[in-house]
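Asks: The structure follows.
Laboratory data are not the source of any read-out in this text; all were calculated from the coordinates shown. Given the structure is predicted, the values throughout are model-derived calculations rather than measurements. Neighbour counts run over all protein chains shown; Cβ positions are idealised from the backbone, glycine included.
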Amino acid sequence: MADACHFVVKNQKVAARKTMGRFDLPQYDMAAVFEAVVNAVAHRDYSVRGSKIRLRLFADRLELSSPGGLPDNLSVETLAYRQASRNETITSLLAKCAVPAGIVGLDTRRETLMDRRGEGVAIILDRSERLSGKRPVYKLFNDAELRLTIYAAGPGADGSG
């Protein structure tokens, strides 16, 4: 999970604004990226053999694809409001693993990879939209893959010019 976050930090573009000193303007909110990666690992369908979680970074967006459909009658419309766990053993383990140190830009008070309160999707949606001005999109493809698209912030996306 840390490697995925480091990949985004290393490959995203970072604009800067100079007023009294330098103020970096990253393309992605790392707390949102961190939540998305943790959720992908925790909730993917591990019965889909040979499939992997894929993180793709484009000039204007980040796409995170996870094998399988949604668990327990969830829909993309209800993801932000309902909580369900397909993999209780994995989520229990992630709730005991410490957040790795050294992820640049990760602003979280969380001490473990998963807090099991069901707030991850809301964090992804709210923080990403606040940074880029565009709401992230979850899309389900034939109950075989869930894709999250987080849009990149550009210079001035926060209204600063």
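Asks: Can you pull the three principal axis extents for the Cα set of the chain, in Å, largest first?
Replies: Sorted from largest, the Cα extents of the chain read 51, 33, 30 Å.
Asks: Using a simple charge model, +1 on the beta-carbon of Lys and Arg, -1 on the beta-carbon of Asp and Glu, nothing else, what dipole does the chain show about its Cα centre, in debye to the nearest 20?
Replies: In debye, rounded to 20, the chain gives about 360.
Asks: Order by neighbour count: LEU74, LEU148, fewest other Cβ atoms within 10 Å first, most last.
Replies: Taking fewest neighbouring Cβ atoms as first place, the list is LEU74, LEU148.
Asks: Between THR112 and residues 5 or more places away or on another chain, which pairs have amide H atoms under 5 Å apart, with H built 1.01 Å from N, and which residues are they?
Replies: Excluding prolines and chain starts, which carry no amide H, the hits are VAL99.
Asks: Counting only helical runs of four or more DSSP H residues, what would the 222 nm mean residue ellipticity of the chain come to if each run contributes -39,500 (n - 2.57) and the total is spread over all its residues? Please report the intermediate quantities before stating the final value.
Replies: Values: 4 runs with 44 residues, N = 161.
Taken over the chain, the calculation gives -8500 deg cm²/dmol.
Asks: With the crude spin-label approximation of a point 7 Å out along Cα→Cβ, what separation in nm comes out for ALA98 versus LYS134?
Replies: It is 3.8 nm.
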